[in-house]
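J.: Here you go, one structure.
The values are calculated or read from the model by the stated rules, or taken from the named source; none is laboratory data. As the structure is a prediction and not an experimental result, all values here were calculated from the model. Positions of Cβ are generated from backbone atoms using ideal geometry, with glycine treated the same way; all protein chains shown enter the neighbour counts.
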Amino acid sequence: MKGGRKPLHSAEKKARGTLRPCREPAPVGFIDQQGLPAKPAWLTAAGEDVWIDEVGRVSLNRLADRRDTTSFGNFCNLQGCINLCWQSGEVPPAAHLAEARRMAEQFGLFGARSRQNLPAAPKEENPFLAYRQRPAERTAE
């Protein structure tokens, strides 16, 4: 059984004079996800240092974009605060360390996901290509 006629594009219907807007599907909007997270103005000095160090890694994995600016800024401030604690000789609270680890995993900076983006191994030549039949050889049989 055949599937039926394919629907015509809206521009083609308009050119024919048969366009009925009430029967057209709603337009779909696309969000540009290619942009890097924007650096928020509320970052602390320690957070800015973390931002500069980590934004390149986040953009490389493409796990964060402009919509993740606030979350990534929160991670940078938290990690910067943890760094200051360690530098002053104090131990940061375990809850802060755990949350920073979770956030780093979300952005692909820590954990198994961060190691999945290794460079691809060079492709080996297919050893069975020598035995492939040419199209002319198949028809001769």
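J.: Restricting the search to segment 39-85, which residues are over 16 Å from PHE110 (Cα atoms) and basic (Lys, Arg)?
T.: LYS39, ARG66, ARG67
J.: Among the listed residues VAL50, VAL58, which satisfies the condition of being part of a helix (DSSP H, G or I), surrounded by 10 or more Cβ atoms within 10 Å (Cβ to Cβ), of a type in the set (Val, Ile, Thr) and modelled with pLDDT under 85?
T.: On the way: VAL50 fails: modelled with pLDDT under 85.
Exactly one residue qualifies, and that residue is VAL58.
J.: Another question, then. Kindly indicate which of LYS6, LYS14 is among the basic types (Lys, Arg), modelled with pLDDT of 80 or more, part of a helix (DSSP H, G or I) and more than 30 Å from PHE110 (Cβ to Cβ).
T.: On the way: LYS6 fails: part of a helix (DSSP H, G or I).
Result of the check over LYS6, LYS14: LYS14.
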